[in-house]
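Below: one structure, written as structure tokens.
The values are calculated or read from the model by the stated rules, or taken from the named source; none is laboratory data. Since the model is a prediction, treat every value here as computed from it, not as a measurement. Counting neighbours? That spans all protein chains shown, and the Cβs are built from the backbone with ideal geometry, glycine included.
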Amino acid sequence: MLPHSVGAHVVWVCSAWCVLVHGDVGSGPSLEKQTLDLMDKYPLIDGHNDLALQLRIRHKNKLSQVDPYHISEVATDINRLRLGHVGAQVFASYVLCGAQDKDAVRLALEQIDVILRLCSEWPDFELVTSSEGLKNTRKIACILSLEGGHSIDSSLPALRMFYRIGVRSMSLTHTCNTPWAESSSKIYPTYKKENNSLSDFGKAVVQEMNRLGMLVDLSHSSWATARAVLNVSVAPVIFSHSSAYTVCNHERNVPDNLLHALKKNKGLIMVNLYSVFVGCGPSANVSVVADHFDHIRRQIGAESIGIGGDFDGAKDFPDGLEDVSKYPALIQELLRRNWTEAELAGVLRLNFVRVFEEVERVRDKLKDSPPSEAEIPLQMVNSSCRLILRPPPALSSVIRVRNSSTILSAGSLLWMLYHAYLLLW
Ligand SMILES: [Zn+2]
């Protein structure tokens, strides 16, 4: 299935890309043609993109003011997705950690709203919520993800509602810990974990995601949390935008022992292209990115690898990989390094489809399990924004008051007591 490969388009892609992006004709046109033919046959499923965040920051989510084919100052628009041979994009609904315990749920809903709007109003896109939909669409597939578990406000009912409106993947943390899982970043001291990197409630979140058929995303989680999740999840998990720690020693990357645990889980690491994560500095190039792919393939095989560009979620990207139109440069470099077409078909697309299908198979197996009623212990959510509803005081204590010399009726007294009780809590 070739969702966007009409002849003239491919010719234009090739000439623009060959001249503007690569500039290096040493490898010869056959490698370039091989790259584009391969990407026509297996359009990329990219694991992570933050266009929605940029739409909020730059356009207050006013889609009517945005030309979907050309959006300045960002790395993603339809023209460039076409040039990059992107067949599906996982769009992140990302809410800053500052909103945790405040209005994170509202903000997440607003980000989902803008993604749902662009996926339905922009003619080249189609929202997909199943592996079947992903395989069958002839448009650029949109997959909806939540970035950061703080967006569910420690509530499994909220998680289920996010699933119902189309969310198919959630990273357990962003740069902040949640009350139930630990982040790889230490910049926020809130909900710091000692040795309980995934609490019992955190385990319940993972199990409920398994039951729903939602991909568990471990990018941004601490290594200890990732390890704990890999012990709990009965479905494959993903790192939607993380690279190899051995190649670049950054806490956001994945160390070899975790890569091996991921392989056992039959999960997927989708390599992040952000220069700081691939080159450990503000600059990098295509070759350094390819080193991450080579390393992970040596460790756990090409069938565990995908691509999660992280465009529009970070600033500095490698020379030659500056935006979503440049993915062919990476695939050509991997072909030059003797990656086989079968391996690259997996990296581009088939590995993600396999994981998504397996997550759905687990969901189907668990279809008779009831929704989880697990709740986070109240002492673990120290938020003044949380209203706790409790039953009214027992009737016997009210009757004692009623028998005293008061002029209030029992009904109005009960009403006042109940509201005073709510206010106190
Ligand atoms: Zn991220």
Looking for something farther than 19 Å from N177 by Cα and of a type in the set (S, T, N, Q) - is there at least one such residue anywhere in the range 233-245? yes
Would you mention how many residues in the range 224-243 are outside any loop (DSSP other than H, G, I, E, B) and either β-branched (V, I, T) or touching a residue at least 40 places away in the same chain (Cβ under 8 Å) (or both)? 6
If we scan the range 78-98, do we find a residue that is without any contact (Cβ under 8 Å) to a residue 24 or more places away in the chain, more than 20 Å from the chain's Cα centre (by Cα), more than 16 Å from the ligand (Cβ to nearest atom) and assigned by TED's automatic domain parsing to the domain that holds E147? no
Yes/no for L20 being in the same structural domain as V114 (by TED's automatic domain parsing), at pLDDT 95 or above, among the hydrophobic types (A, V, I, L, M, F, W, C) and not in a loop (DSSP other than H, G, I, E, B): no
Let me spell it out: the conditions are (1) within 30 Å of A290 (Cα to Cα); (2) away from the ligand (no atom under 15 Å from the Cβ); (3) out of contact with any strand residue (DSSP E or B) (no Cβ under 8 Å at 6 or more places or on another chain), and S185 meets all of them except one. Which number is the exception? (2)
Pick out, from the range 244-334, the helices (runs of 4 or more DSSP H) lying fully within it that include 2 or more residues that are farther than 26 Å from A52 by Cβ and of a type in the set (D, E). 286-300
